[in-house]
Amino acid sequence: MRAFSVRSKALALALTGLLGVACESEAPFPSEDELDDLRNLSPLGSTPLPRDATNRIEGNPEAFRVGNRLFHDPGLSRCKTVSCQSCHDGEGRTVDTPTAEGCDGQRTVRNPPTIINAGFNTWYMWDGRADELWSQAVLPLTNPVEMNSNADIVRTHLDGDADYRQSYQKFFNRAPADESDGNRLLANVGKMLAAYEAGVNRTAAPFDEDVKRFLAAVEAGTQTKDPAYLGLKTFLRKGQCILCHKGATLSDNGAFHNLGLRDDAAESQRGRGAVADGLLDWTFNAAGPYSDAPDGEDAKRLQRLRTDLVTKREELEGAFRTPTLRNVALTAPYMHNGSLRTLEDVVDFYDKGGDPEGTFPGKRSESIKKLGLDSEEKQALVGLLRSLTGAAPPQ
């Protein structure tokens, strides 16, 4: 749970690091910096969904409808029993087990991230191996462990359905049967799926009303009597959650951190450091031949990643993407490997400063420290996390 302003970070560390100082001597909450952080926790519903210029059909209502059909269609898989919905179902739009089942009973090596509010993400998959929502969709479609499909299977399935065939022709100016470039066919199917997934949102939540009320209480000087006082104070100060979970999305634009999480599955351990080079050369990335804006801002993001690999490669070993905390109560179990069953387990994990050295690859991020939360602070933090559940999205 963690990226605040430098001044706020310094304040938090000072407040938690001065041993022997009586509680009553602590600086009043919130400080001016903390007030800024609170104001920036604005309702996600008031934040426009970022427009994906690399997918020109995103935002098209007809593409949303067709993408919805595709999302729920097991006919896209080789085994004809697994759809996107298989791993992204229920209120949390994920699974309630550490890993998910794919074709022929195979298991994924990681916990499927939720698709709720996925259009606000910067990177996709836990390790950020995809940089666009539509390109991410190609990965489970073609993964042998998941849907185990390919362009030929998908082409035949689309061409055999009049609705799919006509819609594909409308969006991409040719029939699926005439799409000789298999990668383009897969990219276009990914774009239709993304047009649906970008519309699966739970935005405004009770948390947003709590913050609004708390800010009014600060103006009135009555904040210590507000029900949200301890939860927000713990979130911003002693818990240091704000270091990575900030702004309307309660994330840090999908930055990557090594949390020091034990992971016994060798194929899932290494995180961002294992996939970043491959993303830069991937034919489906934002700068690639199937992007609708290969010279746009998202393509420039890839250039910044190339620079990071020169200066920050060591930090990316064992590092995973910061997920949003919105709707987190719906998406158990937690972490990239689904190893933590409850929100209480997550809070305890951060409170102890992660798992012991030697049980995870890479170097633990500097922000992961023992917190020393008491039981009341832990309960308040879990209550705050539960308050982040928004209204139900379309299925």
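The values are calculated or read from the model by the stated rules, or taken from the named source; none is laboratory data. Since we're looking at a predicted model, the values are computed, not measured. Neighbour counts run over all protein chains shown; Cβ positions are idealised from the backbone, glycine included. To get the accessible areas, we keep the full protein, side chains included, count just its heavy atoms, and leave off ligands, DNA and RNA. Shrake-Rupley method; radii C 1.70, N 1.55, O 1.52, S 1.80 Å.
A few notes on this one:
- So LEU316, is it under 17 Å from GLY239 (Cβ atoms) and touching a Phe, Trp or Tyr at 6+ places or on another chain (Cβ under 9 Å): no
- Of the residues examined, GLU297 is not one that is open to solvent by 20 Å² or more (accessible area, probe 1.4 Å), more than 28 Å from ALA53 (Cα to Cα) and of a type in the set (D, E, K, R).
- Selection count where residues are open to solvent by less than 40 Å² (accessible area, probe 1.4 Å) and either over 22 Å from LEU388 (Cα atoms) or in a helix (DSSP H, G or I) (or both), scope the range 331-361: 13
- If you check GLN166, GLN106, GLN136 for being at pLDDT 95 or above, touching a strand residue (DSSP E or B) at 6+ places or on another chain (Cβ under 6 Å) and not charged (D, E, K, R), only one passes: GLN136.
- In the set (1) part of a loop (DSSP other than H, G, I, E, B); (2) open to solvent by 20 Å² or more (accessible area, probe 1.4 Å), the condition left unmet by SER291 is number (2).
- The criterion of at least 3 residues that are open to solvent by 40 Å² or more (accessible area, probe 1.4 Å) and at pLDDT below 95 is met, among helices (runs of 4 or more DSSP H) falling completely within the range 1-97, by 6-17.
- Residue-level check: of (1) open to solvent by 10 Å² or more (accessible area, probe 1.4 Å); (2) farther than 17 Å from PHE284 by Cβ; (3) hydrophobic (A, V, I, L, M, F, W, C), TRP123 misses just (2).
- When residues in the range 236-281 are screened for being farther than 30 Å from GLU376 by Cβ, open to solvent by 40 Å² or more (accessible area, probe 1.4 Å), outside any helix (DSSP H, G or I) and modelled with pLDDT of 95 or more, 1 of them pass.
- All positions within the range 302-312 that are part of a helix (DSSP H, G or I) and over 19 Å from TRP282 (Cα atoms): THR311
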